[in-house]
Amino acid sequence: MKLGRWVEVTESAYPWEREALGYLREQLPDTEPFRAWSNFEFIAEDGSINEIDLLLVSLYTIYLLEIKSRPGRLTGDTGTWTWSHEGRNFIDDNPLLRRGLFPRAGHAG
C-alpha cells in the first residue's frame, strides 16, 4: 500500500510492531477505498489516552488492529484464547472479558 493510502502517524517504538506493520502494508491492496493509519493515540471520554496500532478501512469494514508479538498460533472464541507454540498450549481468558468490555456468554451484562 503506497504512501497516501497508508499514513504512519508516528513510528512504532517496537521493532516487532514495525515488522508487523511493514508486512501488513505489503499485503494490503493499493486500490480504492482501502486506507490505513498506524500508530496514533486518542483521548477517550474518561480522559484515558489510548493507542491504536492500525486502523484499516476497506470496502465494507473498518478494522482496528492491536499487534501482539507472541510466537505461535492463536485460536479461541469470545471466552477463551489458546496460544499454541512448539507443542505447548497456553490457555487464557479473553482479555476483553477481564476488562469488562463485553459480557460473558449467558449474562445480560
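Is the shape of the stretch 6-65 best called rounded, prolate or oblate, per the rule: a/c under 1.5 gives rounded, else a/b larger than b/c gives prolate, else oblate, with a ≥ b ≥ c the square roots of the Cα gyration tensor eigenvalues?
Oblate shape, in that a/c is at least 1.5 and b/c is the bigger or equal ratio.
Taking just the alpha carbons, could you work out the radius of gyration and Dmax for the chain, both in angstroms?
16.5, 45
In debye to the nearest 20, how big a dipole does the stretch 6-65 give about its Cα centre with +1 on each Lys and Arg Cβ and -1 on each Asp and Glu Cβ?
About 180 debye.
List ARG18, ARG88 from most exposed to least, where exposure is judged by having the fewest other Cβ atoms within 10 Å.
ARG88, ARG18
Over the chain, what is the relative contact order in whole percent, taking alpha-carbon pairs under 8 Å and six or more residues apart?
Taking the mean separation of contacting Cα pairs over the length of the chain, I get 16 percent.
Peptides 2-9, 56-63: what's the order by average Cβ count within 10 Å, highest mean first?
So the order, starting with the most tightly packed, is 2-9, 56-63.
Of the residues PRO95, PRO33, PRO71, which exhibits the maximal mean-square fluctuation in a Gaussian network model of the chain defined by a 10 Å Cα contact cut-off?
For the chain, modelled as a Gaussian network with Cα springs under 10 Å, the answer is PRO95.
In degrees from 0 to 90, rounded to the nearest 10, what is the angle of the helix 15-27 Cα long axis to the longest principal axis of the chain?
Taking Cα atoms only, the helix is inclined about 70 degrees.
In the chain, with Lys and Arg counted as +1 and Asp and Glu as -1 at Cβ, which of these residues, PHE90, ASN39, TYR60, has the Cα nearest the positive end of the dipole, that is, farthest along it?
Toward the positive end, the furthest listed residue is PHE90.
We did not get these values from a lab; they are worked out from the coordinates using the rules stated. Since this is a predicted model, take the numbers as computed values, not measurements. Every residue, glycine as well, gets a Cβ built from its backbone with ideal geometry; the counts of neighbours run over all protein chains shown.
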